[in-house]
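Reading through the structure tokens given below for one structure.
Derivation of every value follows stated rules applied to the coordinates shown; laboratory data play no part. Just so it is clear, the structure is predicted and the values come from calculations on it, not from any experiment. We place every Cβ from the backbone using ideal geometry, glycine too, and count neighbours over all the protein chains shown.
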Amino acid sequence: MSSYAPANTVKYCDFCSGIMSAETTTCPHCLALQTGAGGPGESDKLRFPAFMLAIIFGVFGAHRFYVGKTGSAIVQLCTLGGLGIWAMVDCIIIASGGFTDGNGKRIIRWT
Ligand SMILES: [Zn+2]
């Protein structure tokens, strides 16, 4: 019904300058992921290498070393990725975009 949107509920695409809701992370016009959307909560680490490391070397905690979670990476290394279960769970979390780096920032970008 309402066609009027207060200024603080919209933002503009980083790439095509299209208008969108402030909560949106992907531009509805050009489908670009908004770099500003995650703000300080978005990691500069990438999902694709983290995911591949988790798949191939997950039991050695390689993906956790990659994202800077050294402490839990060493635990994972010593327990063989929680006998594979912990590593497998990490794979799923990384793929879903819920994984965070050593600074607690979410790893959102694939490449
Ligand atoms: Zn756009």
Next on the checklist: At 7 Å along Cα-to-Cβ for each site, give me the label-to-label distance between ALA32 and THR111 in nm.
Outcome noted: 1.7 nm
Item to check | Rounded to the nearest 20 debye, dipole of the chain from Cβ charges on Lys, Arg, Asp, Glu | outcome: 140 debye
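Let me know the shape class of region 70-111, please: from the alpha-carbon gyration tensor, a ≥ b ≥ c as square roots of the eigenvalues, rounded when a/c is under 1.5, otherwise prolate if a/b is greater than b/c, or oblate. Kindly include the intermediate steps, with their values, before the conclusion.
Working: a/c = 3.03, a/b = 1.52, b/c = 1.99.
Oblate shape, in that a/c is at least 1.5 and b/c is the bigger or equal ratio.
Could you work out how much longer the chain between CYS78 and ASN103 gets when fully extended? Use 0.36 nm per residue separation minus the Cα distance between them, nm to one decimal.
Working: separation 25, 0.36 × 25 = 9.00 nm, distance 2.25 nm.
The CYS78-ASN103 span can extend by a further 6.8 nm.
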Checklist entry - Under 25 Å Cα-Cα from LYS11, which lysines qualify once same-chain neighbours fewer than 8 residues away are excluded? => result LYS45, LYS105
Checklist entry - From the phi of every residue in region 67-83, what ³J(HN,Hα) in whole Hz does the Karplus formula 6.51 cos²θ - 1.76 cosθ + 1.60 yield, where θ is phi - 60° and glycine or proline is x? => result 8, x, 8, 5, x, 6, 5, 5, 4, 5, 4, 6, 9, 6, x, x, 6
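Considering only DSSP states other than H, G, I, E and B, which trypsin sites (Lys or Arg not before Pro) in region 59-111 qualify as loop sites with at most 14 other Cβ atoms within 10 Å?
Numbers: sites: ARG64, LYS69, LYS105, ARG106, ARG109; in loops: LYS69, LYS105, ARG109.
In loop regions of region 59-111 (DSSP not H, G, I, E or B), there are no sparsely surrounded trypsin sites (Lys or Arg not before Pro).
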Checklist entry - Taking 0.36 nm per residue of separation and subtracting the Cα-Cα distance, what length does fully extending SER17 through ASP44 add? => result 7.5 nm
Checklist outcome for this item: Diffing region 22-32: the Karplus 3J(HN,Hα) column from phi (6.51, -1.76, 1.60, θ = phi - 60°), in whole Hz with x for Gly and Pro, holds 4, 7, 6, 9, 10, 5, x, 8, 10, 6, 6
Checklist entry - Does region 47-96 come out rounded, prolate or oblate, given a ≥ b ≥ c as the square roots of the eigenvalues of its C-alpha gyration tensor, rounded meaning a/c under 1.5 and, failing that, prolate meaning a/b above b/c? => result oblate
Checklist entry - Can you give the helix-only mean residue ellipticity at 222 nm for the chain, where every DSSP H stretch with n ≥ 4 adds -39500 (n - 2.57) and the sum goes over all residues, rounded to the nearest 500 deg cm²/dmol? => result -10500 deg cm²/dmol
